[in-house]
1. Would you mind finding the one in GLY57, GLY28, GLY61 that is open to solvent by less than 60 Å² (accessible area, probe 1.4 Å), under 15 Å from LEU88 (Cα atoms) and not in a helix (DSSP H, G or I)?
2. Looking at the stretch 57-104 only, could you name the residues that are hydroxyl-bearing (Ser, Thr, Tyr) and closer than 30 Å to TYR47 by Cβ?
3. If the Cβ limit is 9 Å and pairs must be 6+ apart or interchain, which residue in the stretch 85-98 that is within 13 Å of PHE62 (Cα to Cα) pairs with which residue that is aromatic (Phe, Trp, Tyr) and assigned to a loop (DSSP other than H, G, I, E, B)?
4. Does CYS77 satisfy the criteria of being free of Cβ contacts under 8 Å to residues at least 40 places away in the same chain, touching a His at 6+ places or on another chain (Cβ under 9 Å) and not basic (Lys, Arg)?
5. Go through the stretch 42-54 residue by residue and tally those that are open to solvent by 70 Å² or more (accessible area, probe 1.4 Å), at negative phi and not hydrophobic (A, V, I, L, M, F, W, C).
6. List the number of the failed condition for TYR39; all other conditions in (1) under 19 Å from SER101 (Cα atoms); (2) open to solvent by 50 Å² or more (accessible area, probe 1.4 Å); (3) within 15 Å of the chain's Cα centre (by Cα); (4) not hydrophobic (A, V, I, L, M, F, W, C) hold.
7. For the stretch 73-91, give me each residue that is open to solvent by 60 Å² or more (accessible area, probe 1.4 Å) and assigned to a helix (DSSP H, G or I).
Amino acid sequence: MKSKFTGGVFEYWGMILATSFFISISLGFATPWALCFYYKWHAKNSYIDGRQLAFTGTGIGFFGNWIKWFILTWITCGIYIFWLGVKLEEWKAEHTHFADSIEE
């Protein structure tokens, strides 16, 4: 089977512009929702061995982690930023599944 991504360039740039605008007008507070919006779009357009991916994370579910990671980064004078990328990828992976395996 073949893996593929079906998103288009205009969709992609529209997504980047919309999420960037949303983040900037909210002064960064809407970042969890904007990232979840992007992750859902990415998963919806991703197929691995013919199976579509789905992202089940939510902005509100992500917000608690976002605040925790922000505080840890601030308390450690930025040192936690080295772990932040990995924590974000872990959270994203925990909420990404094959679409046909999600129970409704």
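The values are calculated or read from the model by the stated rules, or taken from the named source; none is laboratory data. Not measured: the values here are computed from a predicted model. So basically every Cβ, Gly included, is an ideal-geometry build from the backbone, and we count neighbours across all protein chains shown. Just the protein is used for accessible areas: all its heavy atoms, side chains included, with ligands, DNA and RNA removed. Shrake-Rupley method; radii C 1.70, N 1.55, O 1.52, S 1.80 Å.
1. Within the list GLY57, GLY28, GLY61, the selection yields GLY57.
2. Result: THR58, THR96, SER101.
3. From the stretch 85-98, the pairs are LYS87/TYR80.
4. The answer is no for CYS77.
5. 3
6. Result: TYR39 fails condition (2) only.
7. If the condition is that a residue be open to solvent by 60 Å² or more (accessible area, probe 1.4 Å) and assigned to a helix (DSSP H, G or I), then TRP74, ILE75, ILE81, PHE82, TRP83, VAL86, LYS87, GLU89, GLU90 are the ones that fit.
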